[in-house]
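Everything below concerns the one structure shown next.
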Amino acid sequence: MTKNKSNALSKLLTGFIIIIGVGIYINSVLKDWDVEQDLGSNYILCADGEILYLSDDEKPVEYVIPFGTARYGFDERWIVVETKTRLGFHQTLSQDTITGEVYDYWIIDKSIPVDINAPSTFEDIYYQDNAYSIVRKSLIGPLDSLGYKKEINKRSIKVIWHEKK
């Protein structure tokens, strides 16, 4: 009888350990389920194409580029992004209204500190009838392909492009 009790207890303990192990694994996977790439200096690329800034002090995430990342590249100082906007309304600046499919280029200077408490850090951006308050202080863009080439040459930016998965 003690052998059966011992056997049942070991099976119960083994099952419990397996359940805890699976739970820990699932939690670690789900914790970062939407992070596709850590771009360094608290910038991340999410699976849905947003680039966000995560502050170190538990404050909410802030949008840097809230839509459409098609390609990106980064190094210790720079992040470069190509966005492809879908059909529909696209407005990045008050004088910039475009319809159809558009490619824009963006450069993020990670060496510029992001002060999320300063209102001057942010600027509103509009995309498909949604308004986003984005981190603007370290962001250059939107640029067309010629403007982008001019800026990366001027700043000696050399990063390798990666297709967004």
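The values are calculated or read from the model by the stated rules, or taken from the named source; none is laboratory data. Predicted model only: the values in this text are computed from it and were never measured. Cβ coordinates were reconstructed from backbone atoms using ideal geometry, including for glycine residues, and neighbour counts include every protein chain displayed. SASA here: full protein model, heavy atoms, side chains in, ligands and nucleic acids out. Shrake-Rupley method; radii C 1.70, N 1.55, O 1.52, S 1.80 Å.
Annotations
- Answer residue from segment 34-65, given it is under 8 Å from the mean Cα position of the chain (by Cα) and part of a loop (DSSP other than H, G, I, E, B) and is farthest from GLU163 (Cα to Cα) among those: GLU50
- Residues satisfying the stated conditions in segment 119-142, i.e. assigned to a strand (DSSP E or B) and at pLDDT 90 or above: LEU139, ILE140
- Per the listing ILE157, ILE116, ILE112, ILE98, the residue uniquely surrounded by 13 or more Cβ atoms within 10 Å (Cβ to Cβ), modelled with pLDDT under 85, assigned to a loop (DSSP other than H, G, I, E, B) and more than 16 Å from the chain's Cα centre (by Cα) is ILE116.
- Which numbered condition GLU76 fails, given (1) assigned to a strand (DSSP E or B); (2) at pLDDT 95 or above; (3) open to solvent by 10 Å² or more (accessible area, probe 1.4 Å): (1)
- Within this structure, TYR103 passes the test of being open to solvent by 40 Å² or more (accessible area, probe 1.4 Å), modelled with pLDDT of 65 or more and in contact with a helix residue (DSSP H, G or I) (Cβ under 8 Å, 6 or more places away or on another chain).
- Residue tally, condition open to solvent by 30 Å² or more (accessible area, probe 1.4 Å) and of a type outside the set (A, V, I, L, M, F, W, C), over segment 42-72: 11
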